[in-house]
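Colleague: Could you have a look at this structure, given as structure tokens, before my questions?
Read-outs: derived from the displayed coordinates by stated rules, not from any lab. Since the structure is predicted, the reported quantities are computational estimates derived from the model, not experimental observations. With ideal geometry, Cβ positions are generated from the backbone for all residues, glycine too; neighbour counts draw on all protein chains shown.
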Amino acid sequence: MKNRYKVLVALLLLVLVVTGCKKEEPIVEETTEPETVEQEAPVVEETKAEETKVEKEVKARSLLSGVETTEELAKQRVVGVMLDNHPNARWQAGIREAEIVYEIRVEGDFTRYLALYQVTDPDVIGPVRSTRSPFITKIMEYNGILVHYGASYTGDEDLITYGINNIDGMAVGAPTIYRNHSVGKVAPHNAYSGMEEIRSYSKQVGYSEENEFKGFAFYEKPTAPGGEKVHDFTLYLRAGNTTAYEYQQEDGFYHRYKDGSLQVDENDQEPLEVTNIIVQYADYYGSDTGHVYINDEGEGEGVLFTRGERVDITWKKESKSSPTEYFDKDGKPLKLNVGQTFIQVVDFGITIENNDE
């Protein structure tokens with residue numbers, strides 16, 4: 001009996017040992033399998049590859065504004081659009097996205113804009129207006145395509161003489177340049193276009209798409225040039241024609257005022273954000289037709305406003321088609337802060353009033 005009892009106990013212990021061993025095996029497998037590293041490694045590698053790819057794409061900069069862009073867009077040709085600045089044409093559409101804007105006097109006390117684009121592409125740009133000889137000189141500096149709606153007599157001559165690639169709304173018409181009846185303006189202040197239409201037409205007629213303009217020099221980070229502190233100022237261009245700028249210190253850019261009113265973009269009603277203002281003194285002279293011309297070849301003086309400061313600069317232009325080069329007070333090529341630049345080509349002797357005082 002005792003022997004039988006011992007045998008039963010031994011068998012029971014054996015069953016318990018075997019059962020216990022079987023229960024422990026799945027636990028070991030469950031704790032080790034999820035910790036396998038090999039499955040997660042490719043995900044990390046793919047993420048790093050994507051980050052490297054993005055970094056490569058933003059290494060290029062716009063030649064006009066210095067903003068980061070793709071290498072493809074940085075090689076794109078500059079487009080210049082003539083914008084109407086008559087009081088009945090305001091406000092302009094797409095001017096907030098322009099990378100460089102010239103304001104130049106055309107006749108009497110009126111000015112017009114030449115808005116330059118390389119990497120930006122507004123859907124709506126306008127009102128587009130006729131061009132003049134001084135603007136043709138400027139578009140030549142960038143080897144750009146000029147978009148306009150007609151031209152003065154000498155402007156037409158210059159377009160032919162200098163072989164300017166141009167898109168004339170009077171010849172092309174819709175849909176490239178069209179009358180926009182939804183803006184509440186009447187002709188001649190309602191001709192509009194868009195960058196997609198402009199690029200498409202340029203390609204259709206065989207205009208080169210490659211850029212040949214070397215571009216401006218830009219600071220790597222926002223930099224004050226070390227000049228006089230001037231936050232707000234007004235340019236008295238002509239009687240009843242003023243352009244003013246107010247520095248937004250927290251943002252590092254200027255709001256622009258035309259004839260006392262805050263300038264906004266017609267597309268979104270947002271104020272312009274101007275980073276640099278170059279005031280270039282030049283010799284204006286009139287003609288029998290009342291149109292105004294500029295002698296802007298040779299050398300001259302000017303002023304740069306950026307980051308709430310004012311510094312004196314100089315400029316040089318060797319020929320009609322060569323670019324205008326700007327220099328700082330030490331004679332070195334002028335550097336700009338990244339962002340939109342307005343170039344005010346003004347008469348000698350105009351008043352620049354410091355509104356801080």
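Colleague: Need one word for segment 61-204: rounded, prolate or oblate. Basis is the Cα gyration tensor (sqrt eigenvalues a ≥ b ≥ c); a/c below 1.5 gives rounded, then a/b vs b/c decides.
Modeller: Note, shape of segment 61-204 comes out rounded.
Colleague: Over the Cα atoms of segment 91-174, what Rg and Dmax result, in angstrom?
Modeller: Final numbers for Rg and Dmax: 12.4, 34 Å.
Colleague: Same structure again: What's the exposure ranking of Ser133, Ser208, going from fewest to most Cβ atoms within 10 Å?
Modeller: Least to most surrounded, the residues fall as Ser208, Ser133.
Colleague: Right, next: At R0 = 41 Å, how high is the FRET efficiency between Lys320 and Gln248 if r is their beta carbon distance? Nearest 0.05 is fine.
Modeller: Working from the Cβ atoms, E equals 0.65.
Colleague: If I model segment 217-354 as equal point scatterers sitting on the Cα atoms and use the Debye formula, what is log10 I(q)/I(0) at q = 0.10, 0.12, 0.16, 0.20 Å⁻¹?
Modeller: The Cα Debye sum returns log10 ratios of -0.35, -0.51, -0.90, -1.30.
Colleague: Loop only per DSSP, at most 12 neighbouring Cβ atoms within 10 Å: give me the GluC sites (Glu not before Pro) in segment 306-343, ordered by residue number.
Modeller: Loop-located and lightly packed - Glu318.
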